[in-house]
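The values are calculated or read from the model by the stated rules, or taken from the named source; none is laboratory data. All values derive from a computational prediction rather than experimental measurement. FYI the Cβ positions are ideal-geometry reconstructions off the backbone, even for glycines, and counts take in every protein chain you see.
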Amino acid sequence: MSKEIIFLNPVFTHNIWGGTRLKDDFHYPVEGDDIGECWGVSAHPNGDDTIAAGTYKGMKLSELWDKHPELFGNTGLDRFPLLIKIIDAKADLSIQVHPNDAYAKEHENGSLGKTECWYIVDCKEDSALVVGHNAKTREELKDMVENGRWNDFIREIPVKKGDFIQIDPGTVHAIKGGIMILETQQNSDITYRVYDYDRLSNGVPRELHIKQSLEVITVPAKSVENSILHTQAKPDEVQRLISCNYYSVYRIDVADKLSFKQDHPFLIMSVLDGEGTLNGTSLKKGDHLILPNDYGTVELSGSMQIIASSL
Ligand code: ZN
């Protein structure tokens, strides 16, 4: 008898750059034409998911983490370490950068820094993301940012569906309009805004964080080739996209069936397309779940695309 799958009810956010695809394409029960983010697996105080069914139904994920550490492999960590979002960017997001753990601890009340990565769920043709920048030295960086030389500074890279991008702390980045992304990240919300295209929100520009940005931006930026991975479907295989200090991320394309052992402290899954079953339990597009510690053998069948992650 295998352990229970922990299904989650996501939290949604309204954003000036958000759209309607989380409602229209993913059929989430959310109203409005400015839905930017679905926090599919989150125990963050700004959007703490609720357990959707089973023994722990109605409990917050943060509470489950605190009360039942054994479900997550008794990691000893003081908070649920990851945050999984699906992002619908109808318009461009501001250009930003995140600090590393050491900087955040010192300057942001002991918060964690943020490493994140993006899997392109869908995008228009000729889409691009801002990843990195063109300054070659810190002096050049300062000059470009302080004097608003944004055309010189901003580095855009072309992307298509299935591309995967790791955003290390210190990497300048922005999601551009027309792109849907699954984001896997450290459980943190510390963001420094470098540039917001001089837009106004309710008549005023949003706050920028120039001092902190100049302190944390990595110079020079990682090369374009080293910043992006073009992934392909590998039917009925677990394909690892990255392993870093904070997470490993996997792409699983179920074409018929596959099985593997859940040998991580816990394993997160988000279904991005299709439907099928996991050990006989139905899964469909938009589901977010956690397989607890020592879950045993996982048997997937059907036709589905899944992004999974673990510590
Ligand atoms: Zn970010």
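Does the range 232-258 hold any residues that are within 27 Å of residue 65 (Cα to Cα) and either of a type outside the set (Lys, Arg) or in contact with a Cys (Cβ under 8 Å, 6 or more places away or on another chain) (or both), and which are they?
Of everything in the range 232-258, those that are within 27 Å of residue 65 (Cα to Cα) and either of a type outside the set (Lys, Arg) or in contact with a Cys (Cβ under 8 Å, 6 or more places away or on another chain) (or both) turn out to be 238, 241, 242, 243, 244, 245, 246, 247, 248, 249, 250, 252.
What's the number of the condition residue 189 fails, among (1) farther than 22 Å from residue 16 by Cα; (2) under 13 Å from the mean Cα position of the chain (by Cα)?
Residue 189 satisfies all of (1) farther than 22 Å from residue 16 by Cα; (2) under 13 Å from the mean Cα position of the chain (by Cα) except (1).
Working only within the range 165-179, note down all residues that are closer than 14 Å to residue 122 by Cβ and within 15 Å of the ligand (Cβ to nearest atom).
175, 176, 179
Only residues that are of a type in the set (Gly, Ala, Ser) and more than 16 Å from the ligand (Cβ to nearest atom): list them for the range 129-153, please.
135, 148, listed by residue number.
Among all residue pairs at least 6 apart or on different chains, which show Cβ distances below 9 Å where the first residue, located in the range 175-199, is on the phi > 0 side of the Ramachandran plot and the second is hydroxyl-bearing (Ser, Thr, Tyr) and within 13 Å of the ligand (Cβ to nearest atom)?
Filtered contacts from the range 175-199: 197/94.
List the strands (runs of 3 or more DSSP E) that sit entirely inside the range 212-295 and contain at least 2 residues that are out of contact with any Phe, Trp or Tyr (no Cβ under 8 Å at 6 or more places or on another chain), hydrophobic (A, V, I, L, M, F, W, C) and buried (at least 16 other Cβ atoms within 10 Å of the Cβ).
248-254, 267-278
Do you know which residues across the range 128-163 are crowded, with 18+ Cβ neighbours inside 10 Å and more than 19 Å from residue 228 (Cβ to Cβ)?
135, 141, 144, 145, 153
Does the range 127-152 hold any residues that are within 18 Å of residue 212 (Cα to Cα), out of contact with any Ser or Thr (no Cβ under 8 Å at 6 or more places or on another chain) and among the hydrophobic types (A, V, I, L, M, F, W, C), and which are they?
135, 141, 144, 150 - these are the residues of the range 127-152 that are within 18 Å of residue 212 (Cα to Cα), out of contact with any Ser or Thr (no Cβ under 8 Å at 6 or more places or on another chain) and among the hydrophobic types (A, V, I, L, M, F, W, C).
Answer with yes or no whether residue 35 is within 21 Å of residue 187 (Cα to Cα), of a type outside the set (Ser, Thr, Tyr), touching a Ser or Thr at 6+ places or on another chain (Cβ under 7 Å) and modelled with pLDDT of 95 or more.
yes
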